[in-house]
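Enquirer: Below is one structure. I have some questions about it.
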Amino acid sequence: MSNNRRPAYLPIAIIVVVIIVIAAAVIVWFKPDNKPMATQQSLSASPTDKSESTLSTALNSEQTEQTASAQNQSAFVTGLERLPRSLRGTQVDGEIIIDENKQLIVTEGLRRLFDYFLSALGEEEEAVIFARVERYIRHHTPEPAASQAVAIFGNYVAYLKALPDIEKRYGNLQLQASKSGELDLNAIAQQKQEVASLRQQYFDKTTIEAFFGAEDNYDDYSIEMVRINQNEQMSEAQKQAARQDYVSRLPDGAIKTNILQQANLNELMIRTERMKAAGASPEALYNMRRELVGVPAAERLAQVDQEDADFDQRFQQLQSQKQQILAQTTDKAKAQTQITQLEKQLFNDAERKRLTGYAALQKSEIE
């Protein structure tokens, strides 16, 4: 079984998304898949889901469950022996790339490799994970690249341990900002500067750019979108123009491409909501979607609309008959049995799991 998890990154990303939702300008974060140039060695696989913040917390936790013995450290040959439960059946994510002189070429994929093994914190103690990573690197990589990668891993672990001190100083402030509906961009900028200074203590410029460059670019984009959103001196038309201007000035590449795609998705959601509220026909919705996201996506969305409408129709039928059953009998157990049978007649197993949440959503919309 393949593990298709992907690491998220700074807490800033989480806060930014919350604020943007509040401001009714949804921003979804895309992490680009780096495709390094051909080299002598490249090891690739599938992603993990441990965030930088989660990893740093786990590394600093005194409550980490120690299920692997340090005595096993010397028994590693490839680093993949006796994998912890969460990594079994998965592919190792990341890459180790070297040049023609067997020097390490640092990429974002090397960080993914580290995160893959660190995602097992809580199942294995830190010393075992470190030994596992070192053996994996040395088994697949010649010198001097192997020692270079091991040294960077040690610095990466130290960096993750140091992060919580910064996060603690800004965490509550960010939470308060989120609740108020306004993000303190000055505080965010100050936090980012402290994180940048911390990185300089552990990594050289090349490693910083490889490990964190993409996420920093997305942070900058998202924060600028919030800055525009929170500008009360600008009209909606001016804000839209400012967003488009910012994106147009981005350098061509994967980041700009993904942002443009996301801009289309944001516009799609906004237009869809407005058109549905105005009672637009399915044909009008299809034409709008076709212009923004193309024919295949427009057809899929039309199918989703039809499925949603069908589900809602059956849900309303359920609610109506449910009220009749409750009105006709005072035996609650008997009534519940009849309601359960009715649900099974109207919905399949997967659909029935949606009923409670769907009912709550309908209620909240009415209120």
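Rule-based calculations on the coordinates, nothing more; no lab input. In this text the structure is predicted, and so the values were computed from the model without any measurement. Cβ: placed from backbone, ideal geometry, glycine included. Neighbour counts: every protein chain shown.
Enquirer: For an R0 of 25 angstrom, estimate the FRET efficiency from the Cβ-Cβ distance between D220 and L292 and round to the nearest 0.05.
Expert: Working: r = 25 Å, r/R0 = 1.01.
E(calc), rounded to 0.05, equals 0.50.
Enquirer: Post the alpha-carbon centroid distance, the stretch 293-364 to the stretch 178-250, in whole angstrom.
Expert: 42 Å
Enquirer: Right, another one. Arrange the following residues from fewest to most other Cβ atoms within 10 Å of their Cβ: T337, T90. The partial results should precede the final answer.
Expert: Numbers: T337 12, T90 19.
Lowest count first: T337, T90.
Enquirer: Still on this model: Tell me, R111, R243, R354 in order of fewest to most beta-carbon neighbours within 10 Å?
Expert: Neighbour counts put them in this order, fewest first: R354, R243, R111.
Enquirer: For I137, I325, which order do you get if you count the other beta carbons within 10 Å of each Cβ and list the fewest first?
Expert: By the 10 Å Cβ count, ascending, the order reads I325, I137.
Enquirer: Also, quick follow-up: Return the FRET efficiency for the residue pair D310, T330: r is the Cβ-Cβ distance, R0 is 35 Å, and the value is rounded to the nearest 0.05.
Expert: The pair D310/T330 has a calculated efficiency of 0.55.
Enquirer: Sticking with this structure for a sec: Considering amide H positions built from the backbone, and no H for Pro or chain starts, which residues 5 or more places from I97, or on another chain, come under 5 Å of its amide H?
Expert: Excluding prolines and chain starts, which carry no amide H, the hits are I105.
Enquirer: Put one equal scatterer on each alpha carbon of the stretch 215-310, apply the Debye formula with no solvent term, and list log10 I(q)/I(0) at q = 0.14, 0.18, 0.23 1/Å to two decimals.
Expert: -0.66, -0.93, -1.14
Enquirer: Stretched out fully, how many nm does the piece from R227 to E299 gain, at 0.36 nm a residue minus the Cα gap?
Expert: Contour length minus Cα-Cα distance gives 22.4 nm.
Enquirer: With 20 Å as the limit, write out which pairs from K205/K256; K322/K353; K239/K276 have Cα-Cα distances beyond it, or answer none.
Expert: As for pairs spanning more than 20 Å Cα to Cα, those are K205/K256; K239/K276.
Enquirer: Moving on to the next point. Output ³J(HN,Hα) for the stretch 277-287: one whole-Hz value per residue in order, computed from phi by the Karplus curve 6.51 cos²θ - 1.76 cosθ + 1.60 with θ = phi - 60°, and x for Gly and Pro.
Expert: Ordered by residue, 3J(HN,Hα) equals 5, 8, x, 4, 6, x, 5, 5, 5, 4, 5 Hz.
Enquirer: Further question on the same structure: So between L260 and Q240, what do we pick up on full extension, going 0.36 nm a residue minus the alpha carbon distance? Don't skip to the answer; put the middle values down first.
Expert: Working: separation 20, 0.36 × 20 = 7.20 nm, distance 1.33 nm.
Going from the current span to full extension adds 5.9 nm.
Enquirer: FRET efficiency for E283 and Q190, Cβ-Cβ distance as r, R0 = 41 Å, nearest 0.05?
Expert: 0.20
Enquirer: If you stretched the chain out fully between L198 and L250, how much longer would it get, using 0.36 nm times the residue separation minus the C-alpha to C-alpha distance?
Expert: 16.1 nm
Enquirer: Sticking with this one: Sticking with the crude label model, points 7 Å out along Cα→Cβ, report the distance from K363 to K322 in nm, one decimal please.
Expert: Modelled inter-label distance: 0.9 nm.
Enquirer: Per residue of the stretch 184-190, what does 6.51 cos²θ - 1.76 cosθ + 1.60 with θ = phi - 60° give for ³J(HN,Hα)? Whole Hz please, x for Gly and Pro, Karplus curve as stated.
Expert: 7, 5, 5, 5, 5, 5, 5
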